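Heads up: the structure comes next, in C-alpha cells.
The values are calculated or read from the model by the stated rules, or taken from the named source; none is laboratory data. Predicted model only: the values in this text are computed from it and were never measured. Here the Cβ positions follow ideal geometry from the backbone for every residue, glycine too, while neighbour counts run over all protein chains shown.
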Amino acid sequence: MGEAEVRVVVRKFDGSLHWHHSMMWLGEDEYGIWLGAPIGTIYGKGNQRAVYATEERRVMLFPRGAWWTALFQAAPAHLDVYCDLTSCRMVTPGRSEDSRPGFGCMPDTGRRIRLR
C-alpha cells in the first residue's frame, strides 16, 4: 500500500467524537497494522480540529481482532508506551468522512495501561 495517509478517529461510548488525527501507513505483519506520525502531527479532540501538535515521533499498532491499541512515543514524550483498551475497525477509502482510509475506534473506556 505504500506511504498512504490514514485517518484515526476515536469515539466515546455514546458515539461522540473524541481524538482524531492523521498518520502514515507503515505496513502490516503478524502483530497487526502499523501507522506512524512525524513530529508536528496535529491532534483534534471533539469538534476542535487542532488541540495540539506532537513534539515527538509516534508509531501506533492496531492488532487484528484485539481489544486494545498501542502507541509508542519517542523522546521527549512523558510515556514510552500507551495502551488504550478499545475496539477498532478499518474504514475503507470512500467510507470515511473525507474519503481517506482510516480507523474508527470505540469505545474509549477511559481505562489505560501506561508503561514507562
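To keep it simple, each residue is scored yes or no on (1) at pLDDT 90 or above; (2) touching a Leu at 6+ places or on another chain (Cβ under 9 Å); (3) part of a strand (DSSP E or B).
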site: 6; (1), (2), (3): no, yes, yes
site: 15; (1), (2), (3): no, no, no
site: 19; (1), (2), (3): no, no, yes
site: 39; (1), (2), (3): yes, no, no
site: 43; (1), (2), (3): yes, no, yes
site: 78; (1), (2), (3): no, no, no
site: 90; (1), (2), (3): no, no, yes
site: 96; (1), (2), (3): no, no, no
site: 99; (1), (2), (3): no, no, no
Quick one: is residue 51 under 21 Å from residue 79 (Cα atoms), modelled with pLDDT under 85 and either part of a strand (DSSP E or B) or hydrophobic (A, V, I, L, M, F, W, C) (or both)? no
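Going residue by residue through the stretch 21-31, is there one that turns out to be part of a strand (DSSP E or B) and of a type in the set (Phe, Trp, Tyr)?
yes
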Pairs where the first residue, in the stretch 24-39, is on the phi > 0 side of the Ramachandran plot and the second is among the charged types (D, E, K, R) and not in a strand (DSSP E or B), C-beta under 6 Å, 6+ apart: 32/64
Go through the stretch 54-77 and give me each residue that's loosely packed, with under 13 Cβ neighbours inside 10 Å and in contact (Cβ under 8 Å) with a residue 24 or more places away in the chain. 64
Among the numbered conditions (1) within 15 Å of the chain's Cα centre (by Cα); (2) modelled with pLDDT under 65; (3) part of a loop (DSSP other than H, G, I, E, B); (4) not basic (Lys, Arg), tell me where residue 56 comes up short. (2)
